[in-house]
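These notes concern the structure reproduced below.
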Amino acid sequence: MRDFSTGHRWLSINTATVRAQWPLDRIVSECAARGIRAISPWRDQVAAAGLDKIAALLRDTGIELSGYCRGGMFPATTAADRAAALDDNRRAVDEAKTLNAACLVLVVGGLPGALAGHAEHKDIAAARNDVRDGIAATLEHARSVGMSLAIEPLHPMYAADRACVNTLEQALDLCDALDPSGAGALGVEGRERAALGVALDVYHVWWDPKLQAQIARAGCERLLAFHVCDWLTPTRDLLNDRGMMGDGVIDIPRIRSWVEAVGFDGYSEVEIFSAENWWKRDGGEVLDTCIARHRSAV
């Protein structure tokens, strides 16, 4: 397992971690000043700053993208809504390509309308069928431009509104069905990555008794992104009360050892939503803490 204790070469910052403090261009500059070599920005942040401006800033600073957040949200009840979702995902793929992201992360969606508080039906199997069809259609475009897609399984508490793919096993079943060859493009340090793979976020999967076996099944080709934070006890808000690494109950080094045992050698991406703690702190303090905890708790 790689030794992170003496440096932060393999630290990436998901820009949600300091989105309450700074706009995206400032986040890029602050990361560059601290020698943080990768980020994973969100589409709304890129849109607010300007796609071309951010692309130029990344080139100037030499900062890489460990991922791009996010595509997905495929389930719908009408043909028009399904078509709109596919159009949006094609745009997301193109943005990710412009920014030279390692992958486009897919939060696949749940029951149509549930995120807005009014689920249009209760058929989660139908939602999963929409997800399968949506990924298949998006994958065709992603292949044509050389952009990998990373399905992110979310904790089951989000099955209704954000993602009806809730385990690594489910995500890999989709990968094997839709991308059986696993052939894709070259990623970090020339390592080949699959056209369709997974983004593994410890917050969502740490509890899964099949996790180690499914990581081994994925292998380094399908493990496209690795996200870290911590699960607090108690958790005050299931969306916006993630912990800083080392402050909760997830054995992050053990999970990283499983990931690296199959050959993953990419970034550990810190992704923290924290309305009552980290989003209230100075952004510089947050980044400096991420650096310290990456060395001691990841």
Taking the Cα centre of region 142-298 as origin, work out the dipole magnitude from +1 charges on Lys and Arg Cβ and -1 charges on Asp and Glu Cβ, in debye rounded to 20. 140 debye
Sorted on mean Cβ neighbours within 10 Å (highest first), peptides 255-263, 68-76 come out as 68-76, 255-263
Set of aspartates and glutamates with alpha-carbon distance to LYS280 below 18 Å, sequence-local pairs under 8 removed: GLU30, ASP230, ASP237, ASP241, ASP247, GLU271, ASP288
In nm, to one decimal, how far is the ARG217 label point from the ALA116 one, both placed 7 Å along Cα→Cβ? 3.5 nm
Region 11-296 - charge dipole about Cα centre, Lys and Arg +1 at Cβ, Asp and Glu -1, debye rounded to 20: 240 debye
State to the nearest 20 debye the size of the charge dipole of region 40-99 about its Cα centre, where the only charges are +1 on K and R beta carbons and -1 on D and E beta carbons. 80 debye
Distance in nm between label sites at ALA33 and ILE124, each 7 Å beyond Cα in the beta-carbon direction? 4.6 nm
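Please report the antiparallel percentage of the DSSP beta bridges confined to the chain, to the nearest 5. Show your work: numbers first, answer last.
Values: 5 of 33 bridges.
Here the antiparallel bridges make up roughly 15 percent for the chain.
Can you give the percent of C-alpha pairs in the chain whose distance is more than 34 Å? Before the final figure, lay out each step's value.
Working: 6088 of 44253 pairs.
Roughly 14 percent, once rounded to a whole number.
Show that you can apply the helix-only estimate: for the chain, add -39,500 (n - 2.57) for every DSSP H stretch of four or more residues, divide by all residues, and state [θ] at 222 nm to the nearest 500.
Helices in the chain give a 222 nm mean residue ellipticity of -12500 deg cm²/dmol.
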So which lysines pass the test for LYS53, namely a Cα distance under 26 Å, with those fewer than 8 places away in the same chain ruled out? LYS97
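Computed from the coordinates by the stated procedures, all read-outs in this text should not be read as laboratory data. Because the structure is a prediction, the values reported are computed rather than measured. Cβ sites come from the backbone with ideal geometry, for glycine too, and all protein chains shown count toward neighbours.
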